[in-house]
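Before any comments, here is the structure.
The values are calculated or read from the model by the stated rules, or taken from the named source; none is laboratory data. Note that the structure is predicted; figures quoted are calculated from it, not measured. Virtual Cβ from ideal backbone geometry, glycine too; neighbours counted across all protein chains shown.
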Amino acid sequence: MSSPSIEAVNLSKRYGSFSALSNLNLKIEGSKCVGFLGPNGAGKTTTLKLFTDMIRASEGKALINGISVHENKKKALASVGSLIESPEIYPSLTPRDALSMVAEIRGMPRSDRKKKIEEVVAEVKMEEWLDKKVGKFSKGMKQRINISAALLSEPEILLLDEPSTGLDPRGMSEVREIVKSLKHKNRLIFMSSHLLNEVSEICDEVAMIDHGKLLVYDKLNNVVSRFSGDGGEIIIDVGLSRDIDDQTISRSISSLSGVVSAEKLEMKSLRIKFSGTLENQEKLLSDLVALKIGLVSFHPSSSALEDTYLNMIKATL
Amino acid sequence: MSSSSLKADPVVLPNLPSSIAQIGVMTKYELLNYFRSRRFFILLIIDLIISSIFTALVAYYGVSSFATAALGFYSFWWGNSITLVVILSGIFFGGDAISGEFQNKTGYFLVGNPLRRSSIYVGKWIAALTASLIILAIYAAIAIGNGIYYFGANLPYQFGESLIFSVLYLIAVLGFTFFFSSLFKSSSMSILVTAILFLFAFSLIQVIVSTLAQVEPWFIITYGSGIIGNVLTDPYPTTQTVRGGFRGDTSRVFAVSIPEGIAILVGYFVVTAVLGLLFFERKEFT
Ligand SMILES: Nc1ncnc2c1ncn2[C@@H]1O[C@H](COP(=O)(O)OP(=O)(O)OP(=O)(O)O)[C@@H](O)[C@H]1O
Ligand SMILES: [Mg+2]
């Protein structure tokens, strides 16, 4: 089985004396989704632009499937779909025109083009707009077409820079579904995002960057447990179907095993700080159910990544 | 982390079209954009207005007020207007060809695809040339139509030469405007500067250099374009030394010869094409 890869070797980018990316060494290989996290200005877009030869490296190399993007862009990007910094399509063209252009540039067989274009446009729910001029589209509609353009040639590698920018909540969840479905097709997805719940839901691994420096690259679980698990706490948000009184919280819930603290967020939700293993978490969930407080939701993961993120980023300021 | 102890098979890359084919795709969609965005039709209308003015002048004052033979007729019509038509094409199709891709972020849509940057540049250039040639052909057809109406169907061979030189000038102008637009990141700025250069600046420098400094302005593209009109003049004008000025000084009036003119236009095209490609190749999509 073939295995797609992207690799940064001592990759650096300076603007004048300002270092936007310094000495990035990162190799991602195989079919997986890697979330690329970091605060504004951390260097995420810079990294993705270096991987698509939109900007030149000051030092080092960006390799895709072992091929240098700068030296042999055409070959390196042959099986890469990318979406970086919300590009614009000529306003007088329709999505069908723009996607046909991409299809022809990428040499998709003529017989497949029409069907494939209609498929990807349906995937981003823009069928009705296929033959309307892009100039009149809203930001989110354009972003949907950009996503479909990245998916069009069924590339093995997807480089996505905040793909859900500008999308409505349904659009964001559709993007998550699209990315999830791609994971089953032997794809490598490298995706920057500020949506930690998105990343923790769909990504297998995360890379974190700040001030142009890579802080960590590891499996999502490892990152979370390494930087907030041991000694630290996980935050669990609990949703309830009815109001809960303070006594129940302070007496029953706070004394459950592993619970560090519990506080009421709103009328029908609780935030529990918890420390323990996954098995302890399972126990906590069943204990909460047994309390018959009207438990309807139990969300540990996203906040755990958020905690990690905040810890990591704070540490380098 | 991922234990890739097993050597992975090389990834099978899809078969991409040749760069030539990709240039063709770029040209096709750029032309589609010209037609859809009405840019082409606006320029066509401007050129039709110029044609109508000439047609009306000749019809109203009578052809004999302007020319007594076919060659003189084409000299009056073609010689006086074609450089403007070419320059307008250069401004419309070349003025923001590259800068617009940055300002409007349309370049970002293409540049992440597996094609050489030079293919984008060349494809767009060929589209601009094609669109300009269509307009030039229509403009020529109207001039020729009038010429045939007044002086019969035998076209002077010099007009054929002038046509060829006009196309050469068009190629040089588009080479230049594309190069120039690759220096800017703002559409309107690059259009404005190109327009000022071709409509005023070059002619002004030419006048200053040739009349005041008495140097042949061989380094100016508009001087080279002089062959388009010169070839329609019989006999072909040559550089003259004339007596004039208050103290009876001699001064020279320069006329570009055909080989010189061709060399200037070809030189401009080659240099600006190479520079434009280099600039675009190195330009950053920041
Ligand atoms: N053209 C440029 N000239 C100078 N500095 C630049 C340029 N482009 C980016 N930078 C700087 O490089 C740094 C990294 O920017 P980058 O766009 O990669 O951040 P990012 O991680 O994508 O941030 P965000 O989350 O806001 O998108 C920033 O500090 C930015 O100011
Ligand atoms: Mg960014």
Select from region A:13-33 the residues that are within 16 Å of ligand 2 (Cβ to nearest atom) and buried (at least 18 other Cβ atoms within 10 Å of the Cβ) and write down the one among them that is farthest from A:SER200 (Cα to Cα).
A:LYS13
Please determine, by comparing only the residues of region A:159-174 that are crowded, with 23+ Cβ neighbours inside 10 Å and among the aliphatic types (A, V, I, L, M), which one is farthest from the chain's Cα centre (by Cα).
A:LEU159
Check on A:SER68, hydroxyl-bearing (Ser, Thr, Tyr), within 23 Å of A:SER3 (Cβ to Cβ) and surrounded by 24 or more Cβ atoms within 10 Å (Cβ to Cβ):
no
All helices (runs of 4 or more DSSP H) inside region B:89-206 with 1 or more residues being among the polar types (S, T, N, Q):
B:99-103, B:117-151, B:157-181, B:187-196
Checking A:ALA290 against (1) over 28 Å from A:GLY171 (Cβ atoms); (2) without any contact (Cβ under 8 Å) to a residue 60 or more places away in the chain; (3) crowded, with 16+ Cβ neighbours inside 10 Å, the condition it does not meet:
(3)
Out of the residues in region A:2-44 that are more than 22 Å from the chain's Cα centre (by Cα) and on the phi > 0 side of the Ramachandran plot, state the one that is farthest from ligand 1 (Cβ to nearest atom).
A:ASN10
Got at least one residue in region A:74-91 being on the phi > 0 side of the Ramachandran plot and in contact (Cβ under 8 Å) with a residue 12 or more places away in the chain?
yes
Residues of region A:176-218 satisfying the condition of being within 10 Å of the chain's Cα centre (by Cα) and aliphatic (A, V, I, L, M)
A:VAL179, A:ILE189, A:MET191, A:LEU195, A:LEU196, A:VAL199, A:ILE202, A:VAL206
Any residue that is in contact with a helix residue (DSSP H, G or I) (Cβ under 7 Å, 6 or more places away or on another chain) and charged (D, E, K, R) - is there at least one of those in region B:159-179?
no
Suppose we filter region A:52-72 for residues that are out of contact with any helix residue (DSSP H, G or I) (no Cβ under 9 Å at 6 or more places or on another chain) and closer than 20 Å to A:LEU83 by Cβ; how many remain?
0
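Which residues, taken from region A:81-97, are within 21 Å of A:SER164 (Cα to Cα) and facing chain B (nearest Cβ under 7 Å)? Quick ask: steps written out before the conclusion?
Restricting attention to region A:81-97, the residues satisfying the condition of being within 21 Å of A:SER164 (Cα to Cα) are A:81-89, A:95.
Those that are within 21 Å of A:SER164 (Cα to Cα) and facing chain B (nearest Cβ under 7 Å): A:SER82, A:ILE84, A:GLU85, A:PRO87, A:GLU88, A:ILE89.
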For a quick check of your reading of the model, give me the residue pairs whose first member lies in region A:187-204 and is within 14 Å of chain B (Cβ to nearest Cβ) and more than 15 Å from A:ASP307 (Cα to Cα), whose second is within 16 Å of ligand 2 (Cβ to nearest atom) and of a type in the set (Phe, Trp, Tyr), with beta-carbon atoms closer than 8 Å and at least 6 apart or on different chains.
A:PHE190/A:PHE36; A:PHE190/A:PHE51
Selected residue (criterion: nearest to A:ALA262 (Cα to Cα)) from residues of region A:272-313 that are touching a Ser or Thr at 6+ places or on another chain (Cβ under 6 Å) and in a loop (DSSP other than H, G, I, E, B):
A:LEU291
Residues of region A:186-213 that turn out to be closer than 17 Å to A:SER82 by Cα and away from ligand 2 (no atom under 16 Å from the Cβ), as a count
4
Of B:GLY94, B:GLY90, B:GLY145, B:GLY160, the only residue that is without any contact (Cβ under 8 Å) to a residue 60 or more places away in the chain and either surrounded by 24 or more Cβ atoms within 10 Å (Cβ to Cβ) or closer than 25 Å to B:GLU260 by Cα (or both) is B:GLY160
Is it the case that region B:129-138 has a residue that's modelled with pLDDT of 95 or more, within 30 Å of A:ALA78 (Cβ to Cβ) and not charged (D, E, K, R)?
yes
